[in-house]
Every structure is written in structure tokens, then in C-alpha cells.
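Note sheet for the following structure.
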Amino acid sequence: MSKTISFLNLSLKKILTGSDSILDQARIRLIYYGLLLAFLGLAAVIPNVYSRHAEMQTNISILLLITLLFLFKYFTWKPDFEAVSHILLVVGTLLVTTVVFVVFQDVNIIVIQLVILIILFGYYMLGMRAGTIYSLVNLAIMLFYMVGVDSNHLMSQIRPEKLDSYTITVVVFFNFILIMFIQGHFYGAFLKNIKQLKDFADSEKQLNEKLGHAMHRSEKSSQVQSEFLSTMSHEIRTPLNAVIGMSNLLLMESPRPDQKENLEILRFSAGNLLTLVNDVLDFNKIESGKITFENIKFNLDELMQNICGGQMMKAEEKGLTFQLHVDSYLKTRYLIGDPTRLSQIIFNLVSNAIKFTTRGTVKVSVSCIEDRHNEGTIKFSIRDSGIGIAEDKVAAIFEPFTQESITTTRQFGGTGLGLSIVKRLLDLQGGTIHVTSEIGVGSEFSVIMEFPVSTDMVTPEEKIKKLAIPDSSRAHSNNNGGAFQISGLQVLIAEDNAVNVMLMKKLFSKWDITPVIAENGERAVELLQYGNFDVILMDLQMPVLDGLEATKIIRRMPDPKKANIPIIALTASALFDIKDKVYNSGMNDYVSKPFKPNELLEKILGLVGVS
């Protein structure tokens, strides 16, 4: 132990500290009081041996007295009990050797007491290993003399000194006091340590009980929070569905320029609100540890084209140059991973680059920086010529609800969750993100992820087929071209919200479809029993019978055609396991509210067998 203590210190209180363990405190006290006791014993012996002209005993006693004084002063200045213990044990071993072979030439009671003191002191002060070594050395000294030296009288040329009764009495008395002190001191420390351990165990038990209660409350609170967010999400998404849906319908009716501008503002604002809701829900899902990742095959070039397609239009609206480059290696290969979460990462980064850039260029590049045949390391680079980020703010932008500054938040808006979601999604998938930025010049976000690479190759025919997304012109095509005529579809919509019903009717009227409406799941089952439909759009949260239970009943119908009818879930719910619940109930697909008309149309056409 290293303590800063005045050289003039003689107090034990300044040596002991609250940070010392009970055992270390006992060791410090033992050396402090043991040196004082030994000093007193020698002080009582020296006048007697000097008066008897016992020269060797006198010299050894004086030398020991000086050594003890030096060690006492050193220990009160530098209280290193291990170093002082080693010195004392070495001095004791030399003393035993000297008195056995030179001074007394005998193994008497004083020698035996010294060896016992060394054994006790060694084990208590320095532990098993050092205590055993010092004990064996001193026992060997006595054994060597008793077996070898004593029988051959090897030291007969030196005349041994005798002990008088006074010296024996004083030395034996002080040695016994030291032995009692060592035993009593460490026994007390042992009992105190046992009591402390018991108190600690009791305290730990109480803490564990409190921790258990706290964890239970935390889990309950987390569950309540998740349910609250899910409910709020449903309640917010439902009117948002109507706002965005009606905006889309009105924009499809060739409005006047001034009306179109107002509708675009309305749709843009509703879209921003939806983004905020989605960010909060995604962050909550990640933080609660309930997020799962898919492992499916996808083409990265196709995915990047889909992600950047809409972003490119936003960039052009701001007068920015948007560039996307995917290296040729990735265009012909399939990766295995979660394209949805990857899209979320790249979309956030590209969206931020456009949002914080007022003029210049946004460049997105994707390259394979390491190809290990069955695994590839992919680098995504998103570079902009925007406002830039201060060096001391780079780490903070990945913290939740944080942007570079209040000015940035006021000027550009947002929750500050986008980059936090990106960072956490990357951490969960073993990816990394690096930022280089300069104020007023721009920023570059570099993402590195590893993906298994499929042995399948992308053919030109597959690429053309996947990029051919159904649109409104295709929906209205006739049977002459071999495509299904959308106007001939029989659609059953199970929806209890009057506004959403009105919206769906208006939307389907654009596709020349008159849907049949069921106000709850029970009514949807009844209508299907007595009618023929090509597809069902099923809301999940409805009175009487919800969409999940209604789907399970439909799947058990005796008529195979009705039992296997395509069912698409329409949900505003944000429960973590909603996707699993939808598929486990027997539904074929789902669309989240608010939905995009083209997205819904694409899923309908895909399920009813449009080629």
C-alpha cells in the first residue's frame, strides 16, 4: 500500500485508512504494536546482559534494538507491511541461525519461541506461500543443528554464552506476549471479517430483492410503454391514413396549380408527421431488444435503385445533383441479409444528406472492398456538400434526440433519432459507421457491413422482371395483353372506421372497383360465406371480431376456394410482433397505414395472379 505521510509521523491513525480491508488493518496494527513490544523487551534485557559481560548477547540485542527502531520509523512513514514483514522475517531467520550456531550453540526455549513467532508471523502477514518458505527455512536450521552440528561439535572453537534466569524470564514473557498478540489480533480480525461477510450477504440479499422488484417494475413499465406507444401509433396513424389518402386522391384528380401546391404541402406535412411517429416507434423497438433481423436473398443494386429513386426526386426538387454508383461486382450477385433494415439505414443517411444540403451534390456509392467468395465486405459512402458538422459534435449526433445544435433543429426539424437508429441497427448487425466532416464544406458517412454472398447470379431477365413494378396503366389493361383486368376484381374490405371506408371507396373507384364493406370481422366472415370475392383487405382492430380471429375462421372454411382466398392485413398497429401475428393467423401479406396506393395495388395484383 502506498500512502503519503509525513516523515515525522508516529501515529497509527494516520497509517490506517478506511479503504484498508479488515485483514490489512490487523496486519498494520500487528507490526506497529509488535515492534513496540519487541523494543520494550530488548530494552529490559540489554542492561542485564551488559552487566553480566555477555558480549555477544549485548551486541546482538543492541543491533536488534537499532533495527527495530529503524523499521518502526520507516513503517510510520511508509506503511508497506509486506516489505517490513519480509525484513523482519529475514532478520528473525538470521537471529535464529546466529543464536543456534554461535551464541548459545543450542536449541533452547527462546529459539523455539522465535521459530514459532516466525511461523505465525509469516503465515498471517504474507500468506501461505511466503509463510511456508520462512517456516521451512527456520525448521531446517534447527534440524541441521540438532542432527548434524550438535553431534559433531563443529562450533566447539567458539565458547557459547549462557542465559541467566532474568534474561530467560523477560524474553520468554515478551515472546509469549507477542504470540498471544498475534493470535488474538488475527482471531479478532477473523471474527470481524466473518461478521462483515454476514452483514454483506444480508445486505446483498436485500439489494437482490430490491433489484428483483425494480426489474419487475421496469419490465412492467416497459410493457406499458410499448402498449401505450402502440395505441398512440394506431390512433395517430388512423387519421394520418385519411389525410395522406385523401391528399393522394385529390392529386390524382388533376387539381389546379394552386390546389396542387396546397395538396403537396398537406401531403408533405403528413408525411413528416408519419416519419416522426415511425422514428419513435423504431427507436423504442430497438431499445427494448425486440427487433429481429431477416436473412433473405436480395440484390444490392436493385435495392439501392429503389431506395434512391424517391430520394433522387427530392434532391432534384432542391436543385441538387444526385449521383448513385454501385460497382459492377454487386450488380450481378445476391447478398443474404435483411434488406428492410439495410434500407432503413441507407434511407436515413441519404435523407439527412439531402436535408442538410442546400446546394451542390449528394453522391452515394456502394463497393465491395473485400471478396471472400462466400462473404463480402461492403462499403456504403454517402457524401454531401452540405452544412457540415463540427468535429467536437460528431460523437453526439449518434445520441438519441440529439442534433448538432438547437439552430440545426429549428432550421431543419426532425426528432434527432435518425442517426441514433442507424448506429444501433449497425451495432446489432456488426457493422460500423465513420464520419468525416468540415463546416461549410460537407460530410461523408461511411458504413461498412459484412454479408454472406449467394452462389446464385443475377441474370438480365430476372433484373428486368423485378424492376417491372405494376402501375395504374397496367391496372387498367385488358385481357387482350394477357394481364388481369383490375376493374373485374371482387374486393371485400373489412373496416370499421367510417373515414377509412370512405377513403377506400374513393380510391377503388379510381380503379373502377366497387368494394363490398364489412363493418367488423364477423360480418366479413358472413359475407364471404354467401358471396364470391377475389381478395380481402382486413383491418386488424375491429369490434365484435378482430381481423386476426376472422382470418383464422376463414382458413377453416370447408370450401377450399373460400378458405384460400388472398387476405391482406391493413393495420395502423405498431406492436413489435405484428408481422408474426399477421402471418401466423393465415394472412398472405400486410400493408401499414397510412399506405401508398401503388403499394397496395402491387400487393393485390401479386396475390390475385396478375402476370
Cα-Cα longer than 19 Å, checked against LYS510/LYS603; LYS314/LYS596; LYS423/LYS593, kept in input order, equals LYS423/LYS593
For LEU324, residues with placed amide H under 5 Å, excluding near neighbours: VAL364
The range 13-82 pair-distance distribution - Cα-Cα, 10 Å bins, rounded %: 20, 41, 23, 13, 3
Least to most buried among ASP580, ASP258 (fewest other Cβ within 10 Å first): ASP258, ASP580
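At a threshold of 8 angstrom on Cα-Cα distance, excluding pairs fewer than six apart, so keeping six or more, what relative contact order does the chain reach in percent?
This gives 10 percent for the chain.
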Looking at (i) 14, 30, 16, 15, 16, 8, 1; (ii) 17, 44, 31, 7, 2, 0; (iii) 14, 38, 36, 10, 1, which value of P(r) over Cα pairs in 20 Å bins from 0, in percent comes from a calculation on the structure shown? (i)
Give the distance, in whole Å, between the Cα centre of the range 322-389 and the Cα centre of the range 516-568. 42
With the cut-off at 1.5 for a/c, could you classify the range 106-212 from its C-alpha gyration tensor as rounded, prolate or oblate? oblate
Return the distance in nm (one decimal) between the two label points of a simple spin-label model at GLU450 and MET215, each offset 7 Å from Cα along Cα→Cβ. 3.2
Modelling each spin label as a point 7 Å along the Cα-to-Cβ direction, I'd like the LEU527/GLU438 distance in nm, to one decimal. 6.3
Please list, by residue number, everything in the range 92-114 whose backbone N is under 15 Å from a paramagnetic label point 7 Å out along Cα→Cβ of ILE179. 108-114
For SER365, SER585, SER509, which order do you get if you count the other beta carbons within 10 Å of each Cβ and list the fewest first? SER509, SER365, SER585
Could you give each residue of the range 37-46 its phi-based ³J(HN,Hα) in whole Hz, using Karplus coefficients 6.51, -1.76, 1.60 with θ = phi - 60°, and x for Gly or Pro? 4, 4, 4, 5, x, 5, 4, 7, 8, 4
Rough spin-label spacing in nm, given labels placed 7 Å along Cα→Cβ, for GLU599 and THR332: 3.4
If you stretched the chain out fully between LYS13 and ALA390, how much longer would it get, using 0.36 nm times the residue separation minus the C-alpha to C-alpha distance? 130.4 nm
Starting from 0.36 nm per residue, how many nanometres of slack lie between GLU317 and TYR33 once their C-alpha separation is accounted for? 93.5 nm
VAL591's amide H: which non-local residues (gap 5+, or another chain) put their own amide H closer than 5 Å, with H modeled 1.01 Å from N in plane and none for Pro or chain starts? ALA569, LEU570, THR571
What's the exposure ranking of ASP301, ASP20, going from fewest to most Cβ atoms within 10 Å? ASP20, ASP301
Cα gyration tensor of the range 16-163, axes a ≥ b ≥ c as square roots of the eigenvalues: rounded (a/c below 1.5), prolate (a/b > b/c) or oblate? oblate
CD proxy, 222 nm, the chain: helix-only mean residue ellipticity via -39,500 (n - 2.57) per DSSP H run with n ≥ 4, per residue, nearest 500, stands at -19500 deg cm²/dmol
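Readers should treat all values here as calculations from the given coordinates under stated rules, not as data from a laboratory. Given the structure is predicted, the values throughout are model-derived calculations rather than measurements. Virtual Cβ from ideal backbone geometry, glycine too; neighbours counted across all protein chains shown.
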